[in-house]
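Here's the structure, in C-alpha cells; my notes come after.
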Amino acid sequence: VTVFLSGIIGSQFSLIKFLATLPMALSIVGIAIFAMFAAKIMSIIGRRLGFIFASIGCSLASLIAACSIIIESFILFNLGCFFIGAGVAFSHQYRFAAVETVDKEMAPKAISIILLAGIGSAFIGPNLANISKEIIPQHLYAGSYIALAVLTLTSTIFLFFYNDNHKKYEVTKKSSRSYIELISQPRFLQALIASAFAYAVMSFLMTATPISMHVMEKISLAKTGFVIQLHIAAMFLPSLITGNLIKKFGHSKIMYTGVVLFLITILLSLFEQNFLNYLIALIFLGLGWNFLFISGTSLLVLSYKEEEKFKAQGFNDLIVYTIQAIASLSAGIFLTLTSWKTMNLICLIFLAIIILSTLRADFIEKR
C-alpha cells in the first residue's frame, strides 16, 4: 500500500515537486532507525511479543496516515509513513525467526518460504488500496490506509499460536565480537553488501516508478498499479526455488545471477518508456532483488555466533535499510533533476560494488 500510494499522495500534498517520494523514504528511514531497536527488544521480550507489539503499532500508524489525508497534512502523512516503517522493522525479523527453527544449512529455504508469503502483498496491497480508496467521500485514499490498519492487525491472530522458545542471551564482552570485527569478515561483508545494495537499486527505481509512469508519462493508475503488482510478485515468487538454487550452486553464483537480472532492467531504460517497457523492467528488478537479498541474508546467518545473533541481525538491518532509505529519498530528487534513464545508469555503481565484494570474499576463501 505504501509503495503504491505514498508517492502519488506525496505529489498531491507536497508544494515542492521532488519531495513527492519523501513519505516512502521516511517509511524506510523508520525501518532503518528501528532495526537495531527491534532486534534488541526481541532479545529481551522474545519474538512473539515483539511481533504482536509491532502489528498494533503499525495499525495505529496507518490510522495516522488516514487522518493526514483527511486533513490534507503532508507533514502528518510523513509521520504516519515513518511509524509504519517502524512497525515493518519488527516484521523484517520474521526471516531470522524462521532461520532459528531449522538447521543452518536449511536457512536459504526457510528464508525463501517466509519471503514467498510476500506474494500475497503483491495482490492484496494494490487491490486493497484501489477498492477502499473511496470509503471516505471527498478524501481519496484515506480509506486505503484505514483498510491497511485493519489488515496489519490480522497477524496477531496467528501470532497467538506461535510457540516462542525465547532464550535471553547474556553476551559477555569476551565472547561478543565488535561491529568492526564482524564486518571485517569477508563473507559477512559480502552478505551485507549484497542485501544492502540489492535494496538500494530496487528501492531507488521502484519508488520512482509510480511518479515516472503515472505523473510524467501519463500512464493510467490501473496500469501503474498492475506494474507494481507484478514487480512485487517477481520479488517473492522466485522464493519457490531460490533456496534450492543457493543450496545447489552456492551463494556467490546466485548473487552474480541477481546482478545480471538487474542489468536487464538497466538496459531496458535505454529504450522508449511505455507500459510494456516498465512492466518487463520492473519484473526483472524484482527477480534480481530476490536472488541477491535471499542469498545475502542466508549467507549472513553463517557468519555469526549463536549468542551474537541479535547484535549481528540488528546491525545488518540498520545498514541495509539506512542505505535503502537514502536511495528512496534521493529517487524523487534524481527523477526531477535527471531522467528515468539516468537513474538506471547510476545503479551500475551499486552493481559493481556487489561484484567486487563477492569476488574478494571468494578469492580470500580460496587462498
**Asked** How large, in percent, is the carbon and sulfur part of the accessible surface of the chain at a probe radius of 1.4 Å?
**Response** 71
**Message:** Give me the tail of P(r) for the range 177-285 as a percent: Cα-Cα pairs with distance above 21 Å.
**Reply:** 45
**Request:** DSSP loop (so not H, G, I, E, B), at most 15 other Cβ within 10 Å: list which trypsin sites (Lys or Arg not before Pro) in the range 199-269 pass both filters.
**Result:** LYS218
**Complete:** Kirkwood calc, the range 246-367, C-alpha pairs only, radius in angstrom 16.1
**Message:** Just want the answer: with Cβ charges of +1 for Lys and Arg and -1 for Asp and Glu, which residue in GLY225, LEU49, GLY7 is farthest toward the dipole's positive end in the chain?
**Reply:** LEU49
**Item:** Linear extension gain, THR156 paired with LEU359, 0.36 nm per residue minus alpha-carbon span
**Value:** 68.8 nm
**Complete:** Here, trypsin sites (Lys or Arg not before Pro) of the range 289-349 satisfying both criteria (DSSP loop; at most 16 other Cβ within 10 Å) are LYS305
**Message:** Nothing charged except the Cβ atoms of Lys and Arg (+1) and of Asp and Glu (-1): what's the magnitude of the dipole of the chain about its Cα centre? Round to the nearest 20 debye.
**Reply:** 740
**Message:** Placing one identical point scatterer on every Cα of the range 42-175 and ignoring solvent, what is log10 I(q)/I(0) from the Debye formula at q = 0.16, 0.18, 0.20 Å⁻¹?
**Reply:** -0.89, -1.04, -1.18
**Complete:** Too long for a 32 Å Cα-Cα cut-off, among LYS133/LYS253; LYS247/LYS309; LYS309/LYS366; LYS17/LYS223; LYS247/LYS305, are LYS133/LYS253
**Message:** Give the residue list of GluC sites (Glu not before Pro) in the range 94-171 that are DSSP loop and have at most 12 other beta-carbon atoms within 10 angstrom.
**Reply:** GLU170
**Message:** Is the C-alpha gyration tensor of the range 1-95 telling us rounded, prolate or oblate? Criteria: a/c under 1.5 is rounded; beyond that, a/b larger than b/c is prolate, otherwise oblate.
**Reply:** prolate
**Message:** At 1.4 Å probe radius, can you tell me the per residue accessible area of the chain in Å²?
**Reply:** 43
**For the range 217-291 and the range 43-63, distance of Cα centres in Å** = 31
**Prompt:** Which of rounded, prolate, oblate describes the range 243-294, given a ≥ b ≥ c as roots of the alpha-carbon gyration tensor eigenvalues and a/c under 1.5 marking rounded, otherwise prolate only if a/b is larger than b/c?
**Reply:** prolate
**Prompt:** Which of SER303, LEU237, GLY286 sits farthest toward the positive end of the charge dipole of the range 200-309, with +1 on the Cβ of Lys and Arg and -1 on the Cβ of Asp and Glu?
**Reply:** LEU237
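The values are calculated or read from the model by the stated rules, or taken from the named source; none is laboratory data. Quick caveat, the model's predicted, so the values are computed rather than measured. Virtual Cβ from ideal backbone geometry, glycine too; neighbours counted across all protein chains shown. Side chains are part of the model used for accessible areas, which takes the heavy atoms of the whole protein and leaves out ligands, DNA and RNA. Shrake-Rupley method; radii C 1.70, N 1.55, O 1.52, S 1.80 Å.
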